[in-house]
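Enquirer: The structure is given below, and queries will be raised subsequently.
Laboratory data are not the source of any read-out in this text; all were calculated from the coordinates shown. Just so it is clear, the structure is predicted and the values come from calculations on it, not from any experiment. FYI the Cβ positions are ideal-geometry reconstructions off the backbone, even for glycines, and counts take in every protein chain you see.
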Amino acid sequence: MRANWYDQFSDSPDVVSSTPRARRVVPIRTPDLAFEIGGQDFITMAGPCSVETEAQLIATAIHVRRGGAHILRGGAFKPRSSPYSFQGLGLAGLRMLAHAREETGLAIVTEVMSETDVPLVAEYADILQIGSRNMENFSLLEAAARSGRPILLKRGMVATVADFLRSAQIVIDSGNPNVILCERGIRTFETSLRNTFDAATIALLKQITHLPVIADPSHAAGHRELVPALARIGVAAGADGLIVEVHPNPDNAWSDGEQSLDFAGFDTMMRDLTPWLALREQFHVCASEGEQMEAAQ
Ligand code: PEP
Ligand code: MN
């Protein structure tokens, strides 16, 4: 008998589609921009791993906006693997992000690490990021969901698809349907790259859920040379967008410099994605026609 996804992921009934149904499209609006995540357009989120200085952030925001990004990423609260690494600028970083939005019109995605910070981060961010290390912090998920902001939910580095979908279900159960799933690489026996990019799971998530799916080639690769190839793989697997780390001077970045693209690298990646995005457009149109036909039967 063929696997029935609905039975396999029965803990997450509002995430898994038993029959094709309308895709969840997450609307984003800033004073200058209005767009959707999970719709026809491919959405790029780009920016530094950490917000460091006003000059670093604004220069990056202007550059990525020109290169076609819709959303500026940047951490103000950083979940670092070492307690002795830079932990983020906190409120000062959030203020810099809000200033960058004013200057460029880009929407802002930034991580919230603790339940008590949710109201503050939600005041500044258009999208709240739940990091890999917090994917199963259910009280944080509930608090973030209740803020009403869309949630970018990053897959835990040792989370199965079922675990991932359960966390998405918790956000939806808390009254927030605007969940965006993000595959950022998982831990496996392979250690040559920072993580193993699970592109098959992007294809699976697009098949079995109605939520938007974003690929994070930066944390998956851990090395900037590999980021453009993983971005292309993400597009081919059916991702609705990318989140990618970009820094004016990656070798001096305060976090994740190894995997951050410089401005020229970002431009090259975006240019090289063009033919893949054109193919995606054809594929996307077919997929939505297919769904409508099946839904109408
Ligand atoms: C990040 O986006 O900088 C980050 C810390 O990501 P992750 O939670 O996927 O490690
Ligand atoms: Mn990072």
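Enquirer: Report the antiparallel proportion of the DSSP beta bridges in the chain as a percent, rounded to a multiple of 5.
Expert: Numbers: 6 of 33 bridges.
Among the beta bridges of the chain, antiparallel pairing accounts for roughly 20 percent.
Enquirer: Which helices pass in the chain if a helix is a full DSSP H run, must span at least 24 angstrom along its long axis by Cα, and must have mean Kyte-Doolittle hydropathy not below -1.0?
Expert: Details: long enough: 263-296 (47 Å, -0.13).
Taking the DSSP H segments of the chain (at least 24 Å long, mean hydropathy at least -1.0), we get 263-296.
Enquirer: Sorted from fewest to most neighbouring beta carbons within 10 Å, what does the list Phe263, Phe164 look like? Walk me through the intermediate numbers first.
Expert: Values: Phe263 19, Phe164 26.
In increasing order of surrounding Cβ atoms, one gets Phe263, Phe164.
Enquirer: Mind jotting down the distance between the C-alpha centroids of the range 225-245 and the range 183-217, whole Å?
Expert: If you average the Cα positions of each part, the centres end up 10 Å apart.
Enquirer: So how do 233-243, 83-93 stack up, highest first, on mean other-Cβ count within 10 Å? Working shown, then result.
Expert: Numbers: 233-243: 23.1, 83-93: 14.8.
Per-residue mean Cβ counts within 10 Å order the peptides as 233-243, 83-93.
Enquirer: Something else now. Pull up all non-local amide H partners of Val246: gap of 5 or more, or a different chain, and H-to-H distance under 5 Å with H placed in the peptide plane.
Expert: Here the answer is Gly47, Cys49, Leu261, since their amide H atoms fall under 5 Å of that of Val246.
Enquirer: Each residue of the range 242-256 in order: what ³J(HN,Hα) in whole Hz does its phi give by Karplus 6.51 cos²θ - 1.76 cosθ + 1.60, θ = phi - 60°, with x for Gly and Pro?
Expert: 10, 10, 9, 8, 9, 9, x, 8, x, 5, 10, 5, 7, 7, 6
Enquirer: Something else about it: Once the dipole of the range 208-271 is set up with Lys and Arg at +1 and Asp and Glu at -1 on Cβ about the Cα centre, which of Val213, Gly265, Val227 lies farthest towards its positive end?
Expert: Selected residue: Val213.
Enquirer: Next question. Defining a contact as two alpha carbons under 8 Å apart and six or more residues distant in sequence, what relative contact order in percent does the range 164-297 show?
Expert: Values: 186 pairs, mean separation 24.1, N = 134.
Reported relative contact order: 18 percent.
Enquirer: Would you mind finding the longest exposed-site-free stretch of the chain, with exposed trypsin sites (Lys or Arg not before Pro) meaning DSSP loop and at most 14 other Cβ atoms within 10 Å? Please report the intermediate quantities before stating the final value.
Expert: On the way: sites that count: Arg2, Arg21, Arg187.
Longest stretch, sites excluded: 22-186.
Enquirer: Report relative contact order for the range 32-129 in percent, whole number only (criteria: Cα-Cα under 8 Å, sequence separation at least 6). Working shown, then result.
Expert: Working: 155 pairs, mean separation 26.6, N = 98.
Computed value for the range 32-129: 27 percent relative contact order.
Enquirer: Turning to a different aspect of this structure: Give, as a single signed number, the net charge of other residues whose beta carbon lies under 12 Å from the beta carbon of Arg280, with Lys and Arg counted +1 and Asp and Glu -1.
Expert: Working: positive: Lys206, Arg232; negative: Asp41, Asp240, Glu281.
Here the count lands on -1.
Enquirer: A follow-up question, please. Could you tell me the distance between the Cα centroids of the range 128-156 and the range 268-285, to the nearest Å?
Expert: Taking the Cα centre of each part, the range 128-156 and the range 268-285 sit 29 Å apart.
Enquirer: Around Gly175, under 14 Å between beta carbons, what's the net of Lys plus Arg minus Asp minus Glu among the other residues? Walk me through the numbers on the way to the answer.
Expert: Numbers: positive: Arg146, Arg149; negative: Asp14, Glu142, Asp173.
So the surrounding residues net to -1.
Enquirer: To make sure I understand, if each residue's beta carbon is the centre and we count other beta carbons within 10 Å, what order do Ser218, Ser255, Ser132 fall in, fewest to most? Working shown, then result.
Expert: On the way: Ser218 29, Ser255 20, Ser132 23.
Final ranking by Cβ density, sparse to dense: Ser255, Ser132, Ser218.
Enquirer: Charges only on Cβ, +1 for Lys and Arg, -1 for Asp and Glu: so what's the dipole of the range 80-153 about the Cα centre, in debye to the nearest 20? Please list the in-between numbers first.
Expert: Working: 6 positive and 9 negative charges, 24 e Å.
In total the dipole reaches around 120 debye.
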